[in-house]
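None of the figures in this text is laboratory data; all of them are computed from the coordinates on show. Keep in mind that this is a model prediction, so the values were computed, not measured. Reconstructed Cβ throughout: ideal geometry from the backbone, glycine too, with neighbour counts over all protein chains shown.
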Amino acid sequence: MARLKVAVLISGRGSNLAALIAACAEPAFPAEIALVLSNKAEAKGLERALAAGLKTAVIDHRRRTREDFDLEVEAALKAAGVELICLAGFMRLFSAGFVERWRDRILNIHPSLLPAFKGLHVQEQALAAGVRITGCTVHVVRPEMDAGPIVAQAAVPVLDGDTPDSLAERILAAEHRLYPLALRLFAEGRARVEGDRVVIAGAGAPGPMLLSPAG
Ligand code: GRF
């Protein structure tokens, strides 16, 4: 069966990219990474992509309009035959036009249980709110930041004495399990957007929910 061609878009470290690379390395995984694209030439994740022998592209977002940047990204995606975009620490917002053209074909991962704690300094927000459980979310991208139909979520406990860094690290471990799982649901055609929600077809593992830490 043909594997879904995915682009992973990054701006930095690329640990979620690494998790997706590892998942796609499994012959039975239903997706493959056709392109890793960064808006920053110095993004660490690009080294991981090159080490894995993947095609990479850098498109600098500076000194051009958002629309021009988006058009260049789109040209690179089309040249690589990309069918689905996975944002993984990509620190740019796309224009509404771009998001509409790729409607229901862009996923993002965010380190909270959306719709709680959008934007930046997410762990600080969670600690300030005093929540006992937080986590991460893979969602379908809409023009508004950190909004859109939820594909999968993982719950992560907040522990006494947590700092933003210790909490971020615990959430990141869950992210690395959740993103491949969500991508699999999409690539297998089991996840379908219906209005503002994602419907998952077929019961059984892997489902769209993780409780972490878990086996
Ligand atoms: C992750 O915490 C992700 O949820 C957020 O940005 C971070 C990216 O980390 N959107 P990495 O580059 O994948 O290591």
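222 nm [θ] for the chain, helices only, -39500 (n - 2.57) per DSSP H run of 4+, per residue, to 500? Write out the running numbers ahead of the final one.
Values: 6 runs with 70 residues, N = 215.
When only DSSP H runs of four or more count, the value is -10000 deg cm²/dmol.
I need the peptides 80-88, 105-113, 193-201 ranked by packing, meaning the mean over residues of other C-beta atoms within 10 angstrom, with the highest value on top.
Details: 80-88: 20.7, 105-113: 22.3, 193-201: 12.3.
Per-residue mean Cβ counts within 10 Å order the peptides as 105-113, 80-88, 193-201.
Please arrange Arg177, Arg13 by counting, for each residue, the other beta carbons lying within 10 Å of its beta carbon, fewest first. It would help to have the intermediate numbers written out before the result.
Values: Arg177 18, Arg13 15.
Fewest-to-most ranking of Arg177, Arg13: Arg13, Arg177.
Gap in Å between the Cα centre of the range 22-46 and the Cα centre of the range 88-136?
Using only Cα atoms, the two centres lie 20 Å from each other.
Charges on Cβ only, +1 for Lys and Arg, -1 for Asp and Glu, centred on the Cα centroid of the chain; of Thr163, Leu87, Gly130, which one is farthest towards the dipole's positive end?
Leu87
Figure the gain on full extension for Val58 and Asp196 (residue separation times 0.36 nm, minus the Cα-Cα span) and round it to one decimal in nm.
Numbers: separation 138, 0.36 × 138 = 49.68 nm, distance 3.25 nm.
So the extension gain works out to 46.4 nm.
At 0.36 nm per residue, and after removing the present C-alpha to C-alpha distance, how many nm does the segment from Glu100 to Ala51 gain when stretched out fully?
Numbers: separation 49, 0.36 × 49 = 17.64 nm, distance 3.31 nm.
Value of the extension gain: 14.3 nm.
Is there a quick way to get the dipole size of the range 1-102? I mean about its Cα centre, with the Cβ of Lys and Arg at +1 and of Asp and Glu at -1; what is the value in debye to the nearest 20? Don't skip to the end; give the middle numbers.
Values: 14 positive and 12 negative charges, 46 e Å.
It comes to approximately 220 debye.
Quick check of the Kirkwood formula: for the range 1-152, what is the inverse mean of 1/r over all pairs of different Cα atoms, in Å?
Numbers: mean 1/r = 0.0623 Å⁻¹.
Every distinct Cα pair counted, the radius reaches 16.1 Å.
Put +1 on the Cβ of each Lys and Arg and -1 on the Cβ of each Asp and Glu in the chain; which of Ala28, Trp102, Ala2 then has its Cα farthest toward the positive end of the dipole?
Of the listed residues, the answer is Ala2.
Scan around Gly12 for amide H atoms under 5 Å from its own, H built in the peptide plane at 1.01 Å from N, and keep only partners 5 or more places away or cross-chain.
Gly45
Under 14 Å from a point placed 7 Å out from the Cα of Leu127 along the Cα-to-Cβ direction: which residues of the range 152-167 have their backbone N that close?
Residues 158-167 fall inside that zone.
How big is the dipole moment of the chain about its Cα centre under a simple scheme where the beta carbon of each Lys and Arg is +1, that of each Asp and Glu is -1, and everything else is neutral? Debye, nearest 20, please.
Numbers: 25 positive and 24 negative charges, 71 e Å.
The dipole magnitude comes to about 340 debye.
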